[in-house]
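Asker: Quick one: the structure is below, and I'll ask about it shortly.
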Amino acid sequence: MKVAMIGWEYPPFKAGGLGTHCYGLTRSLADKKVHLDFYMPKTKTTASTDKPFLRIKEVGEATVFPYDRPTDKEIEGDFFNSVYRYNDLVASKVKGNYDVIHCHDWLTMKAGIQLKEKFNVPLVLSIHSTEYDRSGMLSPNQWFIDIEKEGMQKADRLIAVSNYTKQLVVDKYGIDPNKIDVVHNAVYPLGSGKKQDIVLFLGRLTIQKGPEFFLDAAKKVLDYGLKTKFVLAGSGDMLPRLINKAVDLGISKDVIFTGRLTEEEVNHIYRIANVYVMPSVSEPFGITALEAISAGTPTIVSKTTGAAEAITNCLQVDFWDVDEMANKIISLLNYNVLHKTISKEGKREIDLFTWDRVADRTLDVYREVI
Amino acid sequence: MRLNRFSVFNIGKTKSPYHYFDNTLNHKIFDKVARKCYLPANNVLLDLIDQYDGKFKISFSLTGTFVEYCQKFMPEVIDSFQHLVDTGSVSLIEETYFHSLSSLYDDLDEFKDQVMMHKHLMKDLFNYSPKVFRNTEAIYDNRIAKTVSDMGYQGIITEGAKKILDWRSPNYVYKPINADLRVLLRHYSLSDDIGFRFSAQGWPGFPLTAEKYAQWIAQDQGDIINLFMDYETFGEHQWVETGIFDFLRHLPEKILSYDHLDFVTVNQAVDRFKPKDTIDVPWAISWADEDRDVSTWLGNEMQHACFRELQELGPALKKKNDPKLVDAWRKLQTSDHLYYISTKGFEDGNVHQYFSHYDNPYDGFINYMNILQDFKQSVSDENMLKN
């Protein structure tokens, strides 16, 4: 089987779960002797592979990234144009006899549709996030929605990273549920380290990820009298607002903003964190929850995430319910036996989340359309 | 028994320990089950006793908590049980007043207190003195057997578990290795045919008719077949639509059509049959889950931590002589609270989730442990006031 996969990020360069997913998926597919060409933009660091069945093809340079959002009218035109330009470029560079075209999220959907029509091969589309998730359900941008909708309609099959996302795609985009398969994400386990007094938030500091709820919960935990640091690892447009908020709440000496961390730093902080919190407003999956749990860190996720449906051994809260979030953070810090049990059981459960399983399920989807 | 949501922020702020209990939900559940099960099932049994001139017999084990719910929410359920007891074809079984694990405490004084409370309740309400004892969830070991025997009971009910019987049959009366007591062993496969499998369409025995079931019983060897099940089997676990009540209505006729079969109450059973052999149970068994041990309530460290907290509160509490606090402590001993914290594997875990109102065992732990911390504070606070 020969597959052309079109993505946007690939380690060492990556900004989010999409890159992590593409890395794990392509390597496991290659192990299963699927011939895979992975098309992606040129980046500062060259992506490479040691798998004979996997080729990475860098085509042209892109000036936008899947998590970018146009902020004002003026760059909107440029932003949209560069997206169209890049899609046209990719479509012209993909050559060869493929059995399947596989795209990820909105950024390459246009190229995927062009290729499907040009070569008359089936198109599989993975949905890692939608405009509704990224906007935190607040004033989503119609331009993205239109692109996503067209791609979803024209694709032969969709892979959603959770039932949560499948439902959203059905409800908001009107897609036939029978066309959508759910494949939960996976993780390369990190292994645990010596825990320190750190409650961790890790992710882009955007409205989608709910960092302000994390700060509200932090305030309650600190007022309760617990001695711990609250670390927000990541960068994003909400950073200035969040710094001000921490000051206003009077907790700035116990809150640390690290900015964007390197992969090594990320792995380290997962290992030493005592509790991980993922308070996303809307999260298709949330691979970070798997990463934290694989590092033996008890994890609290919001109920509006794919992780909540996929993982048994985690705590769950409504993202807006900061009292309950604080209750659970305090319980994890005060009740050793809870911390120990959930850490142990979580690590055991995480062994089920392998990229090998993701590749198998993805292969099933390819076979359905070929 | 359900608890209210109780966060760490409530600890130390509760005015009365009765706020721990979700009375609205408990009332609602009781009401539903009473209408679906207790009242209609009691009526069927009363009719059957009448119809077969007392030849149909039955034994009931009612906790004090159950009786309190009846009195508070629907007193006619108690009337209905009184009618049943008045027929003379019904035995009442002793147990701990609260559905507790007090038989597993290091010190058995609390266990004995709860048994005595139940004894008084049976006397007051039904003018009845039980002779046979059944522990919470049929939990049984040598120590419990000895204690129950020393308290003057003649018999005890537990699970006919393979691990204590090995090749032997549960269809005989046994004797504990260390006490003079008759042990009645539940025939779990025949009991569960009704309790669990009655409406299971994939089961080879489906559909289960009274005739078929009577035939199975008639073919089984031994002195006695002990059928014990949740009363909620009739109308709640198995809904009326499954035909469970019709099954019950026809069962006595089909059983009595065999010359060698009749019904006995637990009291008659311990009078009629001599022990065939002894059983030795150093580690507690029960009738719960596939494991037939106490791991359902004490299978993980979170459960052990709560159990320990609860047990350790006892001595300080009893010294204070505050009946309201002691009552709350005992209600907190209800095994349900630990059951919700079970993290046991797939198949059993599913059953646990079915009965639980928490998202997962961890939430169950947090809620229960928060309540125990608050309770602990209220016990020690008052100590300080008095000193």
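Asker: Answer with yes or no whether B:GLU232 is farther than 13 Å from B:LEU45 by Cβ and in contact with a Cys (Cβ under 7 Å, 6 or more places away or on another chain).
Answerer: Yes: the conditions hold for B:GLU232.
Here is a yes/no grid of residues against (1) touching a Pro at 6+ places or on another chain (Cβ under 7 Å); (2) assigned by TED's automatic domain parsing to the domain that holds A:PRO284; (3) under 23 Å from A:CYS22 (Cβ atoms):
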| site | (1), (2), (3) |
| --- | --- |
| A:LEU123 | no, no, yes |
| A:SER129 | yes, no, yes |
| A:TYR132 | yes, no, yes |
| A:SER135 | no, no, no |
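Asker: Scan (1) more than 14 Å from chain B (Cβ to nearest Cβ); (2) of a type in the set (Gly, Ala, Ser); (3) more than 22 Å from B:PHE6 (Cα to Cα); (4) buried (at least 24 other Cβ atoms within 10 Å of the Cβ) for the single condition A:ALA307 breaks and write down its number.
Answerer: Just one mismatch for A:ALA307, condition (1).
Asker: Look through segment A:224-240, keep the residues that are in contact (Cβ under 8 Å) with a residue 12 or more places away in the chain and not in a loop (DSSP other than H, G, I, E, B), and return whichever of them is most open to solvent (accessible area, probe 1.4 Å).
Answerer: A:LYS229
Asker: Mind checking which residues of segment B:122-131 are surrounded by 19 or more Cβ atoms within 10 Å (Cβ to Cβ) and assigned to a helix (DSSP H, G or I)?
Answerer: Answer for segment B:122-131, where residues must be surrounded by 19 or more Cβ atoms within 10 Å (Cβ to Cβ) and assigned to a helix (DSSP H, G or I): B:MET122, B:PHE126.
Asker: For residues that are open to solvent by less than 30 Å² (accessible area, probe 1.4 Å) and not in a helix (DSSP H, G or I), scanning just segment A:77-98, find the one that is farthest from A:PHE38 (Cα to Cα).
Answerer: This residue is A:TYR98.
Asker: Please verify whether B:ASP113 is without any contact (Cβ under 8 Å) to a residue 40 or more places away in the chain, open to solvent by 60 Å² or more (accessible area, probe 1.4 Å) and at positive phi, treating the condition exactly as stated.
Answerer: Details: without any contact (Cβ under 8 Å) to a residue 40 or more places away in the chain: yes; open to solvent by 60 Å² or more (accessible area, probe 1.4 Å): yes; at positive phi: no.
When the stated conditions are applied, B:ASP113 does not pass them.
Yes or no, residue by residue, for (1) basic (Lys, Arg); (2) away from chain B (no Cβ under 14 Å); (3) at positive phi:
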site: A:GLY236; (1), (2), (3): no, yes, yes
site: A:ASN267; (1), (2), (3): no, yes, no
site: A:VAL275; (1), (2), (3): no, no, no
site: A:PRO279; (1), (2), (3): no, yes, no
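Asker: Give the residue, chosen from A:ARG367, A:ARG348, that is more than 14 Å from chain B (Cβ to nearest Cβ) and out of contact with any strand residue (DSSP E or B) (no Cβ under 7 Å at 6 or more places or on another chain).
Answerer: Step by step, each of A:ARG367, A:ARG348 is checked, and only A:ARG367 is more than 14 Å from chain B (Cβ to nearest Cβ) and out of contact with any strand residue (DSSP E or B) (no Cβ under 7 Å at 6 or more places or on another chain).
Asker: Go through the residues of segment A:26-38 one by one and say whether even a single one is assigned by TED's automatic domain parsing to the domain that holds A:SER129, within 22 Å of A:TRP355 (Cα to Cα), modelled with pLDDT under 90 and open to solvent by less than 90 Å² (accessible area, probe 1.4 Å).
Answerer: no
Asker: Taking B:LEU338, is it within 14 Å of chain A (Cβ to nearest Cβ), closer than 21 Å to B:ILE144 by Cα, assigned to a helix (DSSP H, G or I) and modelled with pLDDT of 90 or more?
Answerer: Yes.
Asker: Further question: Taking B:GLU236 as meeting all but one of (1) charged (D, E, K, R); (2) open to solvent by 10 Å² or more (accessible area, probe 1.4 Å); (3) touching a Ser or Thr at 6+ places or on another chain (Cβ under 9 Å), write down the number of the exception.
Answerer: All conditions pass for B:GLU236, except number (3).
Asker: Show the residue pairs meeting these rules: Cβ distance below 7 Å; 6+ apart or different chains; first residue within segment B:354-375 and part of a helix (DSSP H, G or I); second residue open to solvent by less than 10 Å² (accessible area, probe 1.4 Å) and β-branched (Val, Ile, Thr).
Answerer: Listed by first residue and then by second, the contacts come to B:PRO361/B:ILE341; B:TYR362/A:ILE342; B:GLY364/B:ILE341; B:PHE365/B:ILE341; B:TYR368/B:ILE341; B:ASN370/B:VAL8.
Asker: Give me a count of the residues in segment A:325-370 that are of a type in the set (D, E, K, R) and crowded, with 20+ Cβ neighbours inside 10 Å.
Answerer: Kept after step one, since they are of a type in the set (D, E, K, R), are these residues of segment A:325-370: A:328, A:340, A:344-345, A:347-349, A:351, A:356-357, A:360-361, A:364, A:367-368.
Add one more test, that the residue is crowded, with 20+ Cβ neighbours inside 10 Å, and what stays is A:328.
Of the residues in segment A:325-370, 1 are of a type in the set (D, E, K, R) and crowded, with 20+ Cβ neighbours inside 10 Å.
Asker: If a residue has to be open to solvent by less than 50 Å² (accessible area, probe 1.4 Å) and not small (Gly, Ala, Ser) to count, how many in segment A:177-196 make the cut?
Answerer: Residues flagged as open to solvent by less than 50 Å² (accessible area, probe 1.4 Å) and not small (Gly, Ala, Ser) within segment A:177-196 amount to 9.
Asker: Just to verify a result, which residue in segment A:313-323, among those that are open to solvent by 20 Å² or more (accessible area, probe 1.4 Å) and within 7 Å of chain B (Cβ to nearest Cβ), is farthest from A:LYS227 (Cα to Cα)?
Answerer: Per the stated criteria, the residue is A:GLN316.
Asker: Could you tell me whether A:VAL247 is over 20 Å from A:VAL281 (Cα atoms) and open to solvent by less than 40 Å² (accessible area, probe 1.4 Å)?
Answerer: No: the conditions fail for A:VAL247.
Asker: Residue by residue through segment B:355-379, note down the ones that are modelled with pLDDT of 85 or more, open to solvent by 20 Å² or more (accessible area, probe 1.4 Å) and not acidic (Asp, Glu).
Answerer: B:GLN373, B:LYS376, B:GLN377, B:SER378
Asker: Show the residue pairs that are 6+ apart or on different chains and have beta-carbon atoms under 8 Å apart, the first residue being within segment B:32-59 and in contact (Cβ under 8 Å) with a residue 40 or more places away in the chain, the second being of a type in the set (Phe, Trp, Tyr) and part of a helix (DSSP H, G or I).
Answerer: From segment B:32-59, the pairs are B:ALA34/B:PHE73; B:CYS37/B:TYR231; B:TYR38/B:TYR231; B:PRO40/B:PHE245; B:ALA41/B:TYR231; B:ALA41/B:PHE245; B:ASN42/B:PHE81; B:VAL44/B:PHE245.
Asker: Mind checking whether some residue in segment A:353-366 is within 21 Å of B:ILE341 (Cα to Cα) and not aromatic (Phe, Trp, Tyr)?
Answerer: no
Asker: Can you find even one residue in segment B:284-300 that is within 14 Å of another protein chain (Cβ to nearest Cβ), within 30 Å of B:HIS19 (Cβ to Cβ), touching a Leu at 6+ places or on another chain (Cβ under 8 Å) and not in a loop (DSSP other than H, G, I, E, B)?
Answerer: Yes, segment B:284-300 has at least one match.
Asker: For segment A:197-212, which residues satisfy the criterion of being open to solvent by 40 Å² or more (accessible area, probe 1.4 Å) and either under 19 Å from A:THR288 (Cα atoms) or within 14 Å of chain B (Cβ to nearest Cβ) (or both)? It would help to see each step written out before you state the result.
Answerer: Restricting attention to segment A:197-212, the residues satisfying the condition of being open to solvent by 40 Å² or more (accessible area, probe 1.4 Å) are A:197, A:204, A:207.
Passing the criteria: A:ARG204, A:ILE207.
Asker: If you don't mind, there's one more thing I want to ask. Search segment B:1-19 for residues that are assigned by TED's automatic domain parsing to the domain that holds B:CYS70 and pair each with any residue that is exposed (fewer than 15 other Cβ atoms within 10 Å of the Cβ) when their beta-carbon atoms are under 6 Å apart and the residues are at least 6 apart or on different chains.
Answerer: B:GLY12/B:GLN377
The values are calculated or read from the model by the stated rules, or taken from the named source; none is laboratory data. The structure presented is a predicted model; accordingly, all values stated were derived computationally and were not measured. Virtual Cβ from ideal backbone geometry, glycine too; neighbours counted across all protein chains shown. Quick note on the areas: whole protein, heavy atoms, side chains included, nothing else; ligands and nucleic acids left out. Shrake-Rupley method; radii C 1.70, N 1.55, O 1.52, S 1.80 Å.
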